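The structure appears below as structure tokens.
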Amino acid sequence: MPNQKVHNSYNNNKGSNHSSKKNDNNKKNNKTTEEIVNEVIETYFKDIKADLLSLNDVTKIKTIFSHLEQFVSKTASGLSSSQLRNVYSKILEAKTPIDLQLLRPNLAYVAARNDKLQAKQVMALIDYLIQQVDSDEKQKHFNKVMEAIVAYHKYSTAK
């Protein structure tokens, strides 16, 4: 029994000398995916939230792509082209809405590996859009939205 207390005490203090300052900073800046996506929607897509995957009308398409271009131009520096293209490649490999849903943990992984808020915003938006996909038609529309994100990212990061 006493050994167990020592062991638990050790685990509670492990790494405290080296990482406590870093952990304090992470706690201040650590937001959930839901909090991040809510900020993104409020800032960039407030008026068109319900229509983000509605690519059946030319006027809506123009509006959606205009908002996407603005969003990507502000967040492009957060992700490298290869990071975004890797995500896009996995999305294109998804054959069904269920396959697409199964990619959501990969987005969380990409976001977690990147310290930049812009990367987390892009991944949070993609995650939000995937959650809206519940049919083959919406998946096709989502793929087109992703294609636009990749294209606007390339345009924004071109030298």
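The values are calculated or read from the model by the stated rules, or taken from the named source; none is laboratory data. All values reported here derive from a predicted model rather than from experimental measurement. Quick reminder, even Gly has a Cβ in these numbers, built from the backbone with ideal geometry, and neighbours come from all protein chains shown.
Mind checking whether some residue in region 30-46 is at pLDDT below 85 and closer than 22 Å to R104 by Cβ? Among the residues of region 30-46, at least one is at pLDDT below 85 and closer than 22 Å to R104 by Cβ, which makes the answer yes. Close contacts from region 33-62, counting a first residue that is basic (K, R) and a second that is part of a helix (DSSP H, G or I), with Cβ to Cβ under 6 Å and a gap of 6+ residues or different chains, come to K49/I41; K60/D51.
When A108 is tested against the conditions (1) in contact (Cβ under 8 Å) with a residue 60 or more places away in the chain; (2) surrounded by fewer than 18 Cβ atoms within 10 Å (Cβ to Cβ); (3) under 26 Å from K62 (Cβ atoms); (4) not charged (D, E, K, R), the lone failure is (3).
Anything in region 88-100 that is touching a residue at least 40 places away in the same chain (Cβ under 8 Å) and either among the hydrophobic types (A, V, I, L, M, F, W, C) or not in a helix (DSSP H, G or I) (or both)? List them, or say none.
Residues of region 88-100 touching a residue at least 40 places away in the same chain (Cβ under 8 Å): 88, 91-92, 94, 96-97, 100.
I91, L92, A94, T96, L100 - these are the residues of region 88-100 that are touching a residue at least 40 places away in the same chain (Cβ under 8 Å) and either among the hydrophobic types (A, V, I, L, M, F, W, C) or not in a helix (DSSP H, G or I) (or both).
For region 111-127, a residue qualifies if it is over 8 Å from the mean Cα position of the chain (by Cα) and assigned to a helix (DSSP H, G or I), and the qualifying residues are A112, R113, L117, Q118.
Given A148, A158, which one is at negative phi, surrounded by 15 or more Cβ atoms within 10 Å (Cβ to Cβ) and of a type in the set (G, A, S)?
Details: A158 fails: surrounded by 15 or more Cβ atoms within 10 Å (Cβ to Cβ).
Step by step, each of A148, A158 is checked, and only A148 is at negative phi, surrounded by 15 or more Cβ atoms within 10 Å (Cβ to Cβ) and of a type in the set (G, A, S).
Inside region 111-137, residues that are of a type in the set (D, E, K, R) and either in contact with a Pro (Cβ under 8 Å, 6 or more places away or on another chain) or under 15 Å from E35 (Cα atoms) (or both) make up a count of 4. Each residue in region 74-85 was checked for being closer than 16 Å to L125 by Cα and either surrounded by 17 or more Cβ atoms within 10 Å (Cβ to Cβ) or free of Cβ contacts under 8 Å to residues at least 12 places away in the same chain (or both), and 6 of them qualify.
Annotation note: Cβ proximity below 6 Å between a residue of region 135-159 that is within 24 Å of S80 (Cα to Cα) and a residue that is among the aromatic types (F, W, Y) and part of a helix (DSSP H, G or I) (sequence gap 6+ or interchain) occurs for M146/Y88; A148/F65; V150/Y88.
So, A108, is that one farther than 14 Å from I149 by Cα and within 16 Å of the chain's Cα centre (by Cα) or not? Yes: the conditions hold for A108. Is it true that F71 is more than 13 Å from the chain's Cα centre (by Cα) and in contact (Cβ under 8 Å) with a residue 24 or more places away in the chain? Answer is no for this residue.
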